[in-house]
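S.K.: After the structure tokens below, expect a handful of questions from me.
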Amino acid sequence: MLLQPHQRTKLDQSDDNLFYSFPRFVTHVDENFISQLTDLYRQLLQPQTRILDLMSSWVSHLPPEMEFAHVEGHGMNEEELRRNTRLNSYFVQNLNENPKLPLNDADFDGVLCAVSVQYLQYPEAIFSEIARILKPNGVAIFSFSNRMFYQKAIAVWRDATDRQRIHLVKSYFQSVKEFNTPQIVATQPELPAILQMFGIGGKDPFYGIFARKN
């Protein structure tokens with residue numbers, strides 16, 4: 001296994017279903033991050049293809065001008081998923097309890113996961129499932145910043161730097177032989193010294209890691 005048991009632990013060990021039982025109609029990241037994510041989708045996805053938005057919510061950040069044959073949503077809160085106008089259908093599932101996706105083999109052209117990879121306790125199993133449901137040359141795109149629900153992120157993520165988290169997600173891809181070499185897009189906005197002096201935050205860093213199925 002890629003991770004040791006202690007690396008998978010969460011500070012809040014209570015049932016995830018309780019934590020996600022009420023909707024959060026927020027984006028968790030700033031407009032700068034969202035713009036970069038949408039641009040990355042625009043570059044890597046093709047119109048009229050089948051997309052899975054994994055660990056989604058009430059918004060998917062897909063390019064508004066692109067139409068897809070089907071967008072399947074997955075998440076932990078049905079009210080959020082119901083609000084998402086880009087989804088054609090969706091399902092609710094706790095991937096930490098059951099990593100098996102209820103989807104057919106080689107049925108999707110793209111799999112997206114935005115600002116949620118830090119909550120996966122068994123990422124090896126999830127990335128293997130993603131490879132299973134992707135068509136050949138299909139792409140998986142994972143994005144994250146430095147924000148999280150700290151109590152629900154796994155220990156190895158909480159204890160890592162941003163650079164280490166990039167390598168961690170790369171290792172998730174590399175643990176599955178069906179993926180080719182993962183590519184990285186990273187933007188870390190520089191914060192002016194005067195803002196640092198007063199403790200004022202800058203733009204959210206953007207990290208995108210993607211790979212195609214062989």
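Computed from the coordinates by the stated procedures, all read-outs in this text should not be read as laboratory data. All figures in this text were calculated on a predicted structure; none of them were measured in a lab. Cβ atoms come from the backbone with ideal geometry, glycine included; neighbour counts cover every protein chain shown.
S.K.: Per the Kirkwood treatment, what hydrodynamic radius in Å, one decimal, follows for the chain from the mean inverse distance over all distinct Cα pairs?
M.R.: 17.7 Å
S.K.: Sorted from largest down, give the three principal axis spans of the alpha carbons of region 147-190, whole angstrom values.
M.R.: Principal extents (largest minus smallest coordinate, Cα): 32, 28, 13 Å.
S.K.: Say each of Phe149 and Gln48 gets a label point 7 Å from the Cα, pointing the same way as Cα to Cβ; how far apart are those two points in nm?
M.R.: 3.9 nm
S.K.: What translational diffusion coefficient, to the nearest whole µm²/s, does region 2-123 have by Stokes-Einstein, given a Kirkwood radius computed over alpha-carbon pairs, a temperature of 10 °C and 1.306 mPa s viscosity?
M.R.: D = 102 µm²/s.
S.K.: Further question: Go from 0 up to the bin containing the longest alpha carbon distance in region 73-150, width 10 Å each, and give me the % of pairs per bin.
M.R.: The percentages, shortest bin first, are 17, 50, 32, 2.
S.K.: Based on alpha-carbon centroids, what's the gap between region 6-72 and region 150-186 in Å, whole number please?
M.R.: 17 Å
S.K.: How large is the helix-only mean residue ellipticity at 222 nm for the chain, computed as the sum of -39500 (n - 2.57) over DSSP H runs with n ≥ 4, divided by its residue count, in deg cm²/dmol to the nearest 500?
M.R.: The helix contribution divided over the chain gives -7000 deg cm²/dmol.
S.K.: Taking amide H positions as placed in the peptide plane 1.01 Å from N, state which residues far from Glu178 in sequence (5 or more) or on other chains have amide H under 5 Å from it.
M.R.: Distant-sequence amide H within range of Glu178: zero hits.
S.K.: Holding the Cα-Cα limit at 23 Å, pick out from Lys10/Lys135; Lys152/Lys213; Lys10/Lys203; Lys10/Lys213; Lys135/Lys170; Lys100/Lys170 the pairs that are longer than that.
M.R.: Lys10/Lys135; Lys152/Lys213; Lys10/Lys203; Lys10/Lys213
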